[in-house]
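Trainee: Got a structure for you, written out below as structure tokens; questions coming shortly.
The values are calculated or read from the model by the stated rules, or taken from the named source; none is laboratory data. On a predicted model such as this, the values are computed, not experimentally measured, just so you know. With ideal geometry, Cβ positions are generated from the backbone for all residues, glycine too; neighbour counts draw on all protein chains shown.
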Amino acid sequence: MKKSRFFAGLAVAVGAIIAGLALMYALPLDFRDRAPLQPIAFSHKQHAGDNRIQCLFCHRYALKSPVAGIPAVADCRACHLFISPNAPEIRKLTGYWERREPIPWVRVYSVPDFVYFPHMMHLRAGLVCTTCHGEVAAMERITRSVSLKMGWCLNCHRQHKASIDCWTCHI
């Protein structure tokens, strides 16, 4: 009787662990809006698409750091002192500059604290930004184009023959 209870409890525990692992593999890591409204209607289509500004021009930390970074207000202002300075969205930008405030951009992509995603390593491995971020140059409003699930990342690692050891991405 005690043995059967033990094995039943063990089976439930093993089942719970397997279910938990399956959920980690299948659930999205981020439940926020895929295309949040931003404080300034910034068009990647206009900047990266029409004007062909490369991702790394604005997201300059991507090659040196785990995070790609967002340009400072001064970076945007440097161009827009001369380009469309009276456009309504540029006037918003100027307001942030004059108030000495950072633009409170709403984050579109994020991973939990226990996931290590270094942009620099992925770029050095030859991946292009569109692999994870989609065709940003065609997006008027930035939209999270891939479902950041563990399974998606593992499939990409397998395709590119990158390590799938847990410690590669989990700290």
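Trainee: Report every pair of residues separated by at least 6 positions or lying on different chains whose Cβ atoms are under 8 Å apart, first residue within the range 1-24 and within 26 Å of Lys149 (Cβ to Cβ), second assigned to a helix (DSSP H, G or I) and at pLDDT 70 or above.
Mentor: Met24/Met150
Trainee: Does the range 81-103 hold any residues that are within 18 Å of Ser43 (Cβ to Cβ) and in contact (Cβ under 8 Å) with a residue 12 or more places away in the chain, and which are they?
Mentor: Glu89, Lys92, Leu93, Thr94, Tyr96, Ile103
Trainee: Still on this model: Could you check, for the range 108-125, whether at least one of its residues is in a helix (DSSP H, G or I), charged (D, E, K, R) and more than 13 Å from the chain's Cα centre (by Cα)? Spell out how you get there, then give the answer.
Mentor: From the range 108-125, those in a helix (DSSP H, G or I) are 119-124; that's our starting set.
Of the ones still in play, those that are also charged (D, E, K, R) are 124.
If we keep only those that are more than 13 Å from the chain's Cα centre (by Cα) too, we end up with 124.
The answer is yes; a qualifying residue exists.
Trainee: Of all the residues that make up the range 126-138, how many are surrounded by 17 or more Cβ atoms within 10 Å (Cβ to Cβ) and part of a helix (DSSP H, G or I)? Steps first, please.
Mentor: At the first step, the residues of the range 126-138 found to be surrounded by 17 or more Cβ atoms within 10 Å (Cβ to Cβ) are 129, 132-133, 136-137.
Right, trim to part of a helix (DSSP H, G or I) and you get 132-133, 136-137.
Of the residues in the range 126-138, 4 are surrounded by 17 or more Cβ atoms within 10 Å (Cβ to Cβ) and part of a helix (DSSP H, G or I).
Trainee: Would you be able to tell me the number of residues in the range 23-41 that are among the aliphatic types (A, V, I, L, M) and either over 21 Å from Asp113 (Cα atoms) or at pLDDT 70 or above (or both)? Outline the logic, then answer.
Mentor: Residues of the range 23-41 that are among the aliphatic types (A, V, I, L, M), as a first pass: 23-24, 26-27, 29, 35, 37, 40-41.
Going one step further and asking which of them are either over 21 Å from Asp113 (Cα atoms) or at pLDDT 70 or above (or both), we end up with 35, 37, 40-41.
Of the residues in the range 23-41, 4 are among the aliphatic types (A, V, I, L, M) and either over 21 Å from Asp113 (Cα atoms) or at pLDDT 70 or above (or both).
Trainee: Counting only residues that are over 12 Å from Val136 (Cβ atoms), within 17 Å of the chain's Cα centre (by Cα) and not in a helix (DSSP H, G or I), how many does the range 43-81 have?
Mentor: 11
Trainee: Which is within 21 Å of Ala48 (Cβ to Cβ) and either touching a strand residue (DSSP E or B) at 6+ places or on another chain (Cβ under 9 Å) or without any contact (Cβ under 8 Å) to a residue 24 or more places away in the chain (or both), of Asp113, Asp75, Asp165?
Mentor: Details: Asp113 fails: within 21 Å of Ala48 (Cβ to Cβ); Asp165 fails: within 21 Å of Ala48 (Cβ to Cβ).
Residue meeting the stated conditions: Asp75.
Trainee: Against the conditions (1) part of a loop (DSSP other than H, G, I, E, B); (2) more than 12 Å from the chain's Cα centre (by Cα); (3) surrounded by 14 or more Cβ atoms within 10 Å (Cβ to Cβ), where does Ser145 fall short? Just the number, please.
Mentor: Just one mismatch for Ser145, condition (2).
Trainee: Quickly run through the range 160-171 and pick out the residues that are under 13 Å from His122 (Cβ atoms) and either exposed (fewer than 14 other Cβ atoms within 10 Å of the Cβ) or among the hydroxyl-bearing types (Ser, Thr, Tyr) (or both).
Mentor: Let us first name the residues in the range 160-171 that are under 13 Å from His122 (Cβ atoms), namely 160, 162-163, 168-169.
Once the filter is applied, which keeps residues that are under 13 Å from His122 (Cβ atoms) and either exposed (fewer than 14 other Cβ atoms within 10 Å of the Cβ) or among the hydroxyl-bearing types (Ser, Thr, Tyr) (or both), the range 160-171 yields His160, Ser163, Thr168.
Trainee: Out of all the residues in the range 56-70, which are under 15 Å from Trp105 (Cα atoms) and of a type in the set (Gly, Ala, Ser)?
Mentor: Listed by number, the residues that qualify are Ala68, Gly69.
Trainee: Looking only at the range 3-22, decide whether some residue is loosely packed, with under 10 Cβ neighbours inside 10 Å, among the basic types (Lys, Arg) and either more than 19 Å from Thr131 (Cβ to Cβ) or at pLDDT below 90 (or both).
Mentor: Scanning the range 3-22, I find at least one residue that is loosely packed, with under 10 Cβ neighbours inside 10 Å, among the basic types (Lys, Arg) and either more than 19 Å from Thr131 (Cβ to Cβ) or at pLDDT below 90 (or both), so the answer is yes.
Trainee: When you go through (1) at pLDDT 95 or above; (2) surrounded by 12 or more Cβ atoms within 10 Å (Cβ to Cβ) one by one for Ala68, which number turns out not to apply?
Mentor: If we test Ala68 against (1) at pLDDT 95 or above; (2) surrounded by 12 or more Cβ atoms within 10 Å (Cβ to Cβ), just (1) comes out false.
Trainee: Mind checking which residues of the range 76-93 are in contact with a helix residue (DSSP H, G or I) (Cβ under 7 Å, 6 or more places away or on another chain) and either among the hydrophobic types (A, V, I, L, M, F, W, C) or surrounded by 14 or more Cβ atoms within 10 Å (Cβ to Cβ) (or both)?
Mentor: First, pick out the residues of the range 76-93 that are in contact with a helix residue (DSSP H, G or I) (Cβ under 7 Å, 6 or more places away or on another chain): 76-77, 80, 84, 90, 93.
Result: Cys76, Arg77, His80, Ile90, Leu93.
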